[in-house]
Amino acid sequence: MEAFARGLAVIRAFASGHEALSISAVAARAGLTRAGARRLLYTLVELGYAEASDGAFSLTPRVLELGFSYLSSLTLYGVAQPLVERLARETDELCTMSLRDGDSVVYIVRAEIRAPLSRAFGLGSRLPLFATSMGRVMLAGLADAELESFLAKAKFAEFTRYTKTERGRIRDEVVRARRQGWCLVKQELELGVCGLSVPIHDADGHVAAAVSISMNMARFDETQTLKEYLPKLRAVAGQISAALHAHRPAGRPVS
């Protein structure tokens with residue numbers, strides 16, 4: 001188990017966009033000794049998940065199999081992908097769907113038609129729950145006790161001068177998202193970028209995911225966005241939620 005965990009740490013060492021890393025760099029990023037990193041890197045090379053050239057290592061496209069094996073097993077992913085892609089075409093904006101993983105949201109669907117809004121966050125990126133519209137609609141689906149537990153334990157980094165880091169203000173935003181059924185966050189994670197999100201509910205009515213539209217503040221008009229984009233976003237979330245209800249395992253009662 002420990003060896004498996006160390007192997008995953010080596011793969012994650014490449015997550016910051018570095019195409020090639022030395023053994024020393026991988027060891028530092030993965031928290032391993034240089035000898036341990038070397039053994040694991042050459043194991044990945046033998047398995048076809050990495051390649052070495054001039055003393056530097058890089059991942060091969062085969063490593064994508066690890067992620068797509070997970071994605072292909074998700075009814076949610078198969079249903080959502082074409083719907084999110086259609087939403088991106090209709091709005092000409094960056095559209096995504098995310099799942100919660102601990103204190104983060106993770107992009108599992110990402111579609112963008114115009115020039116990239118941001119190069120920082122791609123498929124599989126992890127973003128903080130508290131500072132994103134996606135995260136806040138997911139937090140809005142928690143029971144009060146669960147939300148308080150999250151707020152008590154989470155760390156709130158200041159990403160921009162607009163980031164809300166006070167627990168009380170974050171709680172207020174989550175409660176507002178719960179009441180509205182949607183959340184709009186402006187420039188709290190990235191300057192010049194705002195996001196509008198709505199929840200996706202599973203067959204039991206729990207928040208299973210979030211679908212989002214991200215926009216450049218330079219062309220953002222809040223009134224127009226809520227009038228034009230929010231209904232489209234809700235329609236996509238409704239279609240995905242309906243599909244999840246339809247795929248309820250046979251014999252499972254409706255809550």
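The values are calculated or read from the model by the stated rules, or taken from the named source; none is laboratory data. Quick caveat: nothing in here was measured; it's all calculated off a predicted structure. Virtual Cβ from ideal backbone geometry, glycine too; neighbours counted across all protein chains shown. When the accessible area is computed, the model is the full protein with side chains, heavy atoms only, and any ligands, DNA or RNA have been set aside. Shrake-Rupley method; radii C 1.70, N 1.55, O 1.52, S 1.80 Å.
Remarks
- Potential lengthening between Ala5 and Ala218 on full extension [0.36 nm per residue; Cα-Cα distance subtracted]: 72.4 nm
- Between Ala209 and Ile200, the built amide H atoms are under 5 Å apart, and every one of these is 5 or more places off in sequence or on another chain.
- Residues whose placed amide H lies under 5 Å from that of Ala50, excluding near-sequence neighbours: Val45, Thr60
- Residues of segment 80-214: accessible area per residue with a 1.4 Å probe, Å²: 44 Å²
- Positive contributions from Lys and Arg (+1) and negative ones from Asp and Glu (-1), summed over other residues with Cβ under 14 Å from the Cβ of Pro199, come out at +4.
- Contact order for segment 83-216, expressed relative to its length and based on alpha carbon pairs under 8 Å spaced 6+ residues apart, stands at 26 percent.
- The lysines within cross-link reach of Lys186, meaning a Cα-to-Cα straight distance under 18 Å and a gap of 8 or more places when in the same chain, are Lys164, Lys227.
- Karplus (6.51, -1.76, 1.60) ³J(HN,Hα), θ = phi - 60°, over segment 190-196, in Hz, Gly and Pro reported as x: 9, 5, x, 10, 10, x, 10
- Take each peptide in 167-173, 151-157, count the other Cβ atoms within 10 Å of every residue, and average; sorted highest first, the result is 167-173, 151-157.
- With a Förster radius of 30 Å applied to the C-beta separation of Leu47 and Ser22, the computed FRET efficiency comes to 0.90.
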